[in-house]
Amino acid sequence: MLRYLNAGESHGQCLLAILEGVPAGLPLTSDWVNQDLARRQKGYGRGGRMRVEEDRVEFVCGVRKGKTLGNPIGLMIRNKDWENWKDVMAVEPGGVPPEKVVTRPRPGHADLVGAIKYAHRDIRNVLEKASARETAIRVAVGSVAKALLAQFDMRVLSYTTEIGGVAARRCEDPIVAFERAEGSDVRSPDPEAGARMVEQIRTAKHRGDTLGGVFEVVVINPPIGLGSYAQWDRRLGARLAMAAMSIQAMKGVEIGMGFEAARRFGSEVHDDIYYEQGGRGFIRKTNNAGGLEGGISNGEPIVLRVAMKPISTLYSPKQSVDIETKEPFDATVERSDICTVPAAGVVGEAVVAFEMANALIEKFGGDSVEEMKRNYDAYLAYVKAF
């Protein structure tokens, strides 16, 4: 099974991950991962930190001559901004200048609850790890998962469907939607809605405010049978929803028709089953289920929509209370993003890809990619003949 641990602080020396369970023989290069890291840094509404960092992954172990070894893979992304924070974030014992100690928690952030939980009197100890900066290394891990999925003709795509109440018109073909979105400053497949989203972000910036939104993640070409109904924590929908909700600032997940299914008759919700002779076998012509039935993939694209709240740091800050003096203050301004929904979609791809790769290994597991492919091909032949 795939698993990873990540480490590193937002303004520390680097971000790290150790990824275990990737089979041997997977073609993998830093260029493949760096494409997604660059996509994560784009999007209208991002702040100055994106002009400081230029994220690049380094494989420090587990890869040789462009292929995985079957060993744990070590990934590292260096923080360029570390040069400006070496004294404040130093590992060696010593004091922190009083003016650099953070004692004013931001509403909506992990600041206060994290400080209370871990008994920190300097909130920087919390915000450095709770920061969305850590999603960079998670995108790198997810890109490795995408490389494995690609060996089985699977893709994980995303695009923005809504920002600040401006919704994009639906495009029924997710590949077309993705291709259009990649040329948009807000990753919207609808150019007209994208322009209005940009205007909403500008309005929020002038107000000293922030905006959230919704992005959609689609898994193309999953086989029937990933996940299980046999135990609660093996249901693929549950695993994907947990992965999406693990991203900072996410507040809701829908699969397929989602909450709209609660407002319809069953006859309007459930997808009829057909049989494609000489083709894929059992298919659906609609996909209200979002590719999942009973916690198992049904062969149709897996569709998730994820809702992101506005980020917590406002230039017109909300009220807070100093943890030392207990006096009211305007909340601290720690970063300058106005809207990160376009980038969040890229992070969504990464966490979904990781769970899909995990489910794929669970079903077709082998010590090498070649062994997995043999198992996969035999299974597809079985499914077509079922």
Answer yes or no: is there a residue in region 59-72 that is assigned to a loop (DSSP other than H, G, I, E, B), touching a residue at least 24 places away in the same chain (Cβ under 8 Å), over 30 Å from SER184 (Cα atoms) and not small (Gly, Ala, Ser). yes
Restricting region 118-143 to residues that are in contact with a Ser or Thr (Cβ under 8 Å, 6 or more places away or on another chain) and not in a loop (DSSP other than H, G, I, E, B), the one surrounded by the most Cβ atoms within 10 Å (Cβ to Cβ) turns out to be LEU127
In region 311-368, anything touching a strand residue (DSSP E or B) at 6+ places or on another chain (Cβ under 7 Å), over 30 Å from GLU99 (Cβ atoms) and outside any loop (DSSP other than H, G, I, E, B) is listed as VAL341, PRO342, ALA344, GLY345, VAL346, GLY348, GLU349, VAL352, ALA353, MET356, ALA359, SER368
Restricted to region 175-185 and to residues being more than 20 Å from VAL253 (Cα to Cα) and crowded, with 20+ Cβ neighbours inside 10 Å, the residue nearest to the chain's Cα centre (by Cα) is ALA181
All conditions in (1) touching a residue at least 60 places away in the same chain (Cβ under 8 Å); (2) aromatic (Phe, Trp, Tyr); (3) not in a loop (DSSP other than H, G, I, E, B) are true of PHE178 except (1)
Q: Inspect all residues belonging to region 28-42 and state whether any of them is buried (at least 16 other Cβ atoms within 10 Å of the Cβ) and over 19 Å from VAL347 (Cα atoms).
A: yes
Yes/no for GLY213 being buried (at least 17 other Cβ atoms within 10 Å of the Cβ), touching an Asp or Glu at 6+ places or on another chain (Cβ under 7 Å) and not hydroxyl-bearing (Ser, Thr, Tyr):
yes
Screening ASN71, ASN84, ASN79 for residues that are closer than 18 Å to ALA132 by Cβ and polar (S, T, N, Q) leaves only ASN79
Those residues of region 24-36 which are out of contact with any Asp or Glu (no Cβ under 9 Å at 6 or more places or on another chain), assigned to a loop (DSSP other than H, G, I, E, B) and not polar (S, T, N, Q) amount to LEU26, LEU28
Reported set for region 336-386 where residues are among the β-branched types (Val, Ile, Thr) and under 19 Å from the mean Cα position of the chain (by Cα) is ILE338, THR340, VAL341, VAL346, VAL347, VAL351, VAL352
Query - Check on GLY194, of a type in the set (Gly, Ala, Ser) and either in contact (Cβ under 8 Å) with a residue 40 or more places away in the chain or farther than 23 Å from ILE247 by Cβ (or both) - result: no
In the set VAL306, VAL321, VAL341, the lone residue that is within 30 Å of ILE224 (Cα to Cα) and either surrounded by 22 or more Cβ atoms within 10 Å (Cβ to Cβ) or among the β-branched types (Val, Ile, Thr) (or both) is VAL306
Residue hits (region 1-16; closer than 18 Å to LEU149 by Cβ and under 16 Å from the mean Cα position of the chain (by Cα)) are ARG3, TYR4
Looking across region 98-117 at residues that are among the charged types (D, E, K, R) and surrounded by fewer than 17 Cβ atoms within 10 Å (Cβ to Cβ), the single one that is farthest from GLN248 (Cα to Cα) is GLU99
Within region 148-170, the count of residues that are under 13 Å from LYS373 (Cβ atoms) and aromatic (Phe, Trp, Tyr) comes to 1
With the first residue restricted to region 1-19 and required to be under 27 Å from ARG239 (Cβ atoms), and the second required to be of a type in the set (Asp, Glu), Cβ contacts under 6 Å at 6 or more apart or on different chains are ARG3/GLU20
field: Flag if THR68 is surrounded by 17 or more Cβ atoms within 10 Å (Cβ to Cβ), over 21 Å from GLY345 (Cβ atoms), polar (S, T, N, Q) and at pLDDT 95 or above
entry: yes
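Residues checked against (1) hydroxyl-bearing (Ser, Thr, Tyr); (2) at positive phi; (3) part of a strand (DSSP E or B):
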position: LEU5; (1), (2), (3): no, no, yes
position: GLU9; (1), (2), (3): no, no, no
position: VAL22; (1), (2), (3): no, no, no
position: ALA38; (1), (2), (3): no, no, no
position: ARG46; (1), (2), (3): no, no, no
position: GLU54; (1), (2), (3): no, no, no
position: TRP82; (1), (2), (3): no, no, no
position: GLY94; (1), (2), (3): no, yes, no
position: ARG104; (1), (2), (3): no, no, no
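The values are calculated or read from the model by the stated rules, or taken from the named source; none is laboratory data. Model, not experiment: these values are computed from the prediction. As a convention, Cβ positions derive from the backbone with ideal geometry for all residues, glycine included, and neighbour counts pool all protein chains shown.
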